[in-house]
Structures are given as C-alpha cells and as structure tokens.
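Read-outs: derived from the displayed coordinates by stated rules, not from any lab. Remember, predicted model here, so these are calculated numbers, not experimental data. For neighbour counting, all protein chains shown are included, and Cβ atoms are generated from backbone atoms with ideal geometry for every residue, glycine included.
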Amino acid sequence: MARTLEGRDPERERQTLRQMVEKRVVTIGGGTGPFAVLSSLKRYPCAITAIVTMSDSGGSSRRLMDEFGTLPYGDLRQALVALSRKGVLWREIFGFRFRQGQGTRPDALIAGDPNDSKAQMLGREAGVAGHSLGNLILSALQELNDGNLLLAIEDAQEVLDTAGKVLPVTLEHATLCAELAGGGVICGETEIDTRGLHDAGSLSPIQRIFLREETPACAEALRAIRRADVIVLGPGDLYTSILPNLLVRDIAEAIRGSEARKVYICNLMTKHGETDAFRASDFVRELHTYLGGRVDRVILHDGSLPEELVERYEAQQQYPVEPDVEAVSQLVPDVIVDALLAVHQGHLVRHDADRLVRAIFAPPELTL
C-alpha cells in the first residue's frame, strides 16, 4: 500500500505523537544521513539508540587509527553531536576541525631525507591540522578509560547531555571491500565512497560488498536491536553507510528476528560510482538482499527538486532518485511518499527532519 502524507493536521500530529511515547527507537547508519533524523527525534518522548557504522577509513579517523590503533570516531562523533542537548557551544566544540597550518616544525618531520617533499607534507600533517576536535576528545576519553571505547562514549554522552545512546555496530576493525561487476576489488570505505569524485566517466557498477575480516557485532548493539520497537535504516550512502552494518555478524539476523517495525528511508539522490541510475526499488532490493528479509515500511521523497539544484547535482553526476512507487509497493507492505526535501545553505539537498519523523511514526492503520 502506498500513501501520501498531506499537510499538517492536528489530529494526525497527535496520533503520530502517541505512536512515539516511550517507544525504543534504534537508528542504524553512518555519515551525515542519520544526523537530521537524530536531531529531530531527540525532541520527542522516545528512547533513542543510534547504532553507528564502523568502517570509516579516511580523514582524522584514519590518522588516529594508524597512530593509536583506535576504531574510527567520525560517525560516532556525529551521532553524539546530533543527540546533544548541551547547547550550540558544545556541539560546535565537538564538530570543530583544525585547519592546516602554514609552517612545519623541524621536530615534526618524519625520519628520512629532510628534503623529501613527502616528508615535509607528512610533517605538516603530524600535528592537529585536519583533525576533528571531537575525535581527539573521544580518543582522550578512551585513553582515560584504559582503552574501553564504550566507556569513552558513555563519558561523551554525559559531557554532551545526549538524548539517547550511541553504540558502535562492532568493537573490531572492519575493512569494507567492493567487488566490481567488471572485475576487480576496491578495499577501504573512503576509496569506495570517493571513486566517483575521482573519475567522471562511466564506472563499473558495484556487484557486491563484503568485510575483509570476520567482524562480530557489539553485544550492546544486538541487545538494542532485539528490544527495539522501531528500527530505522538510513538515510545514507547505500554501500558505505547502511549495508556495511548488515555485514557485521549477527546484525542482519537480529534485525530480521526483532519484533520492531522496520523502516527504510530511501535516498534523495543517486551517487556516482555507487548507485548510478538506481530507482527507489533498486535501493530497496539491495537492502533486502543484504538483510535477508524485507522491511515493513519504505519512505520516499516525491521526486520534486528545484531545477537549479538538479543542474548543480548533475554536474557531479548525481540525479534525483525516481520514486517508482508501484515497484516498491510490490516489495514492502507500506510505502509512504512525501515532500521530504530541505535545502541547506542554499544548495545542499537534505531530508526534512520533521517530516521524516512524522513519516516514520505515522500509524499503519491511519488513512491519510
């Protein structure tokens, strides 16, 4: 069944709110996608647990992983900031990123030929330049807790007064790999995520993704999934933010076995190098393949987008996801289509967080 959420109605709002009271809501994903959902959810009377992808392999997270052997902090940090009730200052502190400095301290150079340009470059990167302050704080908290990441996250939740819990999907290192339809394998989440940026031409589609290592799930994440009333997957990059969670041992099985209502939020745009030419039904089929079952509800944007934004994204070979509602309705029992677009900073396509929450919790039996 496909239905459209019409304009705001006080009775519908009350019914939606009643659906949320004291519900255990689990979000699963990574990157910037879940940020809007979590930022909006924290204003409602529900118990939130954000389960976060742990396959990030670039930027500040990569450097801390290489230097200290830590797990990636980037997606954990974003979820913590999204759930923070502490105020703008603390959110800005955790989100602050140090800029690249101009000078190079002699003692910061790596061993080797001091005239080597690579040594000079690495010397400049050896300090805090490029690091997120939130990542450094999490690293310090983990060190203060004798390497225990879960205790470090608990301390960060206390500092930020979060409106819910944040959990890593695994406590082990996870290397994401993609096998391409044309042959070859790419390993590393960042390499998969950015290949479309480096090559504007036609790219071989991703045939499958897998984790290079056997990766057990975080026990606390499994417990949250099993006890959930609602599980929300997405929004986010399909192959690098959502599906990697389902590759972690026991996660897909726990979702399938949970009595929770399972909701998937489909992306607004395709992504070059990952989901070229995907329609909404293609996203859902891939999700079902890795989940080993189906979700209960899919939330789609109606496809409307200002022409100037379409042109801007076309330059990056990204296009609005076609809401092929009839095909999606053959895959899931409940499809909600709504105008979910929110434009940030005048040019960034994002989901409207409040409308998303309304679509997640709209009662199944309610005629809209």
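Couplings 3J(HN,Hα) of region 73-79, computed from phi: 9, x, 6, 4, 4, 5, 5 Hz, in residue order, whole Hz [Karplus 6.51 cos²θ - 1.76 cosθ + 1.60, θ = phi - 60°; x for Gly and Pro]. Each residue of region 223-239 was assigned a 3J(HN,Hα) from its phi angle through the Karplus curve 6.51 cos²θ - 1.76 cosθ + 1.60 (θ = phi - 60°); the sequence is 4, 5, 5, 5, 9, 5, 9, 9, 10, 10, 9, x, x, x, 4, 4, 8 Hz, with glycine and proline shown as x. Neighbour counts of other Cβ atoms within 10 Å put 313, 73 in the fewest-to-most order 313, 73.
Applying the Karplus relation 6.51 cos²θ - 1.76 cosθ + 1.60 with θ = phi - 60° to region 185-190 yields 3J(HN,Hα) values of 10, 10, 10, x, 4, 5 Hz, where x marks Gly and Pro.
Given a Förster radius of 35 Å and the C-beta distance between residue 308 and residue 2 as r, what FRET efficiency does 1/(1 + (r/R0)^6) yield to the nearest 0.05?
Here the calculated transfer efficiency is 0.75.
In terms of its alpha-carbon gyration tensor, region 147-224 comes out prolate; a/c meets the 1.5 threshold, and the first ratio a/b outweighs b/c. Once backbone amide H atoms are built at 1.01 Å from N, residue 23 has 47 as its partners under 5 Å, excluding neighbours fewer than 5 places away on the same chain. Charging the Cβ of each Asp and Glu at -1 and of each Lys and Arg at +1, and nothing else, the dipole of region 187-243 about its Cα centre rounds to 260 debye. Note on residue 146 and residue 223: the extension gain reaches 25.3 nm, defined as 0.36 nm multiplied by sequence separation minus the Cα-Cα distance. This ranking places 177, 266, 187 by how few other beta-carbon atoms lie within 10 Å of each, fewest first, which gives 187, 177, 266. The ranking of 81, 159, 325 from fewest to most other beta carbons within 10 Å of each one's beta carbon is 159, 325, 81. Listed by chain and number, the lysines placed with their C-alpha closer than 24 angstrom to that of residue 23 are 42, 86, 165, 262; residues fewer than eight positions away on the same chain are left out. Amide H contacts of residue 262: 231, 296, 297, each under 5 Å away and 5 or more positions distant or on a separate chain (H built 1.01 Å from N in the peptide plane; Pro and chain starts excluded). Database remark: amide H of residue 165 closer than 5 angstrom to the amide H of 48, 49, 50 (H placed geometrically; neighbours at sequence offset of 5 or more, or on other chains; Pro and chain starts carry no H). Roughly what % of DSSP beta bridges within region 202-349 run antiparallel, to the nearest 5? Close to 20 percent.
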